[in-house]
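Chemist: The structure follows.
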Amino acid sequence: MAIESNWREPTELEINIFNRLLSVEFPGVEHLRMQIEAMQVQTLDENGSLSLKVESGVRADVQSRVPVEASYSDSEEGSDDKEPRVHMLLHVLDGSMKELEIYKDDGSAIVQKPLSRKLSLFTPNNWENE
């Protein structure tokens, strides 16, 4: 994935990732959902991490800087319980989404696309597997 210097509209895949991350309930999630429509992104690294710019007056009162994260197996065998895992952490600062951090446990290149895999969602209050 190419690192970008210009802001752009999120792709359909990126919007689907945000919608999936914000599909669980936690304090402030409804305001984060509203921010998606006013968001622009830049690719930060080869893993696909994104810098986020939200141009909306809507602010989310979240309880932690990372109110939700997802992970999935990046095993070539396709088993969901295999290592290594890819992690996607949504960072919120001053009520606005600021970054989607994506990394793999072992630091190797990511093989599997996130929406082609079964995601496990985590908030500080619970785990949800779908």
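The values are calculated or read from the model by the stated rules, or taken from the named source; none is laboratory data. No experiment lies behind these values; they were computed from the predicted model shown. Using ideal geometry, Cβ is built from the backbone for each residue, glycine included, and neighbour counts are taken over all protein chains shown.
Chemist: Got a sec? Which of Q42, Q35 is of a type outside the set (G, A, S) and assigned to a helix (DSSP H, G or I)?
Modeler: Q35
Chemist: Return yes or no: is V41 at pLDDT below 95 and touching an Asp or Glu at 6+ places or on another chain (Cβ under 7 Å)?
Modeler: No, not satisfied.
Chemist: Which count do you get for residues in the range 66-106 that are part of a loop (DSSP other than H, G, I, E, B) and at pLDDT below 95?
Modeler: Here the count works out to 13.
Chemist: While we're here: With the condition kept exactly as written, say whether any residue in the range 9-17 is assigned to a loop (DSSP other than H, G, I, E, B) and buried (at least 17 other Cβ atoms within 10 Å of the Cβ).
Modeler: Yes - at least one qualifying residue is present in the range 9-17.
Chemist: I'd like to check something: does the range 32-47 contain any residue that is closer than 17 Å to P114 by Cα, touching a helix residue (DSSP H, G or I) at 6+ places or on another chain (Cβ under 9 Å) and surrounded by 13 or more Cβ atoms within 10 Å (Cβ to Cβ)?
Modeler: no
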